[in-house]
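Working notes for the structure below.
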Amino acid sequence: MSARLAFASEALVQPRHTILVVDDAPLMRELGALFLARAGRVITAANGEEAVAVAHLEAPDLIVADVCMPGIDGATLCRILKQDPLLGAPRVVLLAATGDADERERAVRAGADDVLPKPIDRVALLDSARRLLANAPRGLPRVPISVPIEIRLRHDAWDGLGRNLSRGGVFVESKRIVPPPVELALTMRLPESDALVASTAQVMWAREQPRGQLSGMGLRFLALDRSAARALSEWVEERMPHRRSQMEESA
């Protein structure tokens, strides 16, 4: 091969992303590494302490960690890595296993870029990793909806209309809005589904409209139990057929 061709070939080789999978269960580490192998070079750590050390050596582009681990748990690990100036705020996906709504809330408050329920869904995990590694805009893919939502704030309750939905939050139009970062509760039924989603949520932004028009709020789900989180994730995934088909074709 000529020097010119060799140089051209090297230029076409793109550096692989590094993904750190952290879980105290060996089987979960192996599954995570297997599922993510197509997205980049996968390295593993058996606990939070080891993950911090590995992160400083390898500077991973993405960390996928279990929320519930002994010692430094996934939520604490997320905070540590996000706040470390040497790591450049890496993207973090946290995996919630217990089904406890408080577990997901801790993951969200820790700053996770995505929160997925266990057992791990291969397509959802690989899709999330590829999206985050591609430096996609912050925020999860959304599906347009038009569904009634009951909103509660302490002793007050009123109705809103959901306009778009992701597994991380919902945009709601309402005659009454509250400013960020107020936290409230909401209940909604997924369209074309019997699944009921009841969650606490935080107002991330609010938009006032001229009188006579509905104003809106961007809400981030906080305490969402595993069954609701999985139903929501599957509902969104099913309405992105192009995304799922691409993932299956690449498998």
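The values are calculated or read from the model by the stated rules, or taken from the named source; none is laboratory data. The structure presented is a predicted model; accordingly, all values stated were derived computationally and were not measured. Using ideal geometry, Cβ is built from the backbone for each residue, glycine included, and neighbour counts are taken over all protein chains shown.
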Which condition does residue 227 not pass, out of (1) over 18 Å from residue 103 (Cα atoms); (2) modelled with pLDDT under 90; (3) of a type in the set (S, T, N, Q), if it passes all the others?
-> (1)
Can you name the condition, by its number, that residue 212 falls short on among (1) without any contact (Cβ under 8 Å) to a residue 12 or more places away in the chain; (2) buried (at least 19 other Cβ atoms within 10 Å of the Cβ)?
-> (2)
Within the range 194-202, is even one residue in contact with a strand residue (DSSP E or B) (Cβ under 7 Å, 6 or more places away or on another chain) and of a type in the set (D, E, K, R)?
-> no
Evaluate the range 227-239: report whether one residue or more is assigned to a strand (DSSP E or B) and either of a type in the set (Lys, Arg) or in the same structural domain as residue 89 (by TED's automatic domain parsing) (or both).
-> no
Which of the residues belonging to the range 80-125 are among the charged types (D, E, K, R), closer than 21 Å to residue 58 by Cβ and in contact with a helix residue (DSSP H, G or I) (Cβ under 7 Å, 6 or more places away or on another chain)?
-> 91, 113, 114
Go through the range 76-93 and count every residue that is crowded, with 22+ Cβ neighbours inside 10 Å and closer than 18 Å to residue 222 by Cα.
-> 3
Condition check for residue 184: surrounded by 17 or more Cβ atoms within 10 Å (Cβ to Cβ), of a type in the set (A, V, I, L, M) and not in a strand (DSSP E or B) = no
Out of all the residues in the range 121-137, which are in contact (Cβ under 8 Å) with a residue 60 or more places away in the chain and either crowded, with 20+ Cβ neighbours inside 10 Å or touching a Lys or Arg at 6+ places or on another chain (Cβ under 9 Å) (or both)?
-> 121, 123, 124, 125, 126, 127, 129, 130, 132, 133
Can you find even one residue in the range 164-177 that is hydroxyl-bearing (Ser, Thr, Tyr) and in contact with a Gly (Cβ under 8 Å, 6 or more places away or on another chain)?
-> yes
Based on what the data block shows, is residue 73 under 15 Å from the mean Cα position of the chain (by Cα), in the same structural domain as residue 38 (by TED's automatic domain parsing), surrounded by 18 or more Cβ atoms within 10 Å (Cβ to Cβ) and acidic (Asp, Glu)?
-> no
If you check 96, 33, which single one turns out to be more than 30 Å from residue 219 (Cβ to Cβ), in the same structural domain as residue 124 (by TED's automatic domain parsing) and of a type in the set (A, V, I, L, M)?
-> 33
Can you tell me which residues in the range 98-116 are outside any loop (DSSP other than H, G, I, E, B), of a type in the set (Asp, Glu) and more than 11 Å from the chain's Cα centre (by Cα)?
-> 102, 103, 105
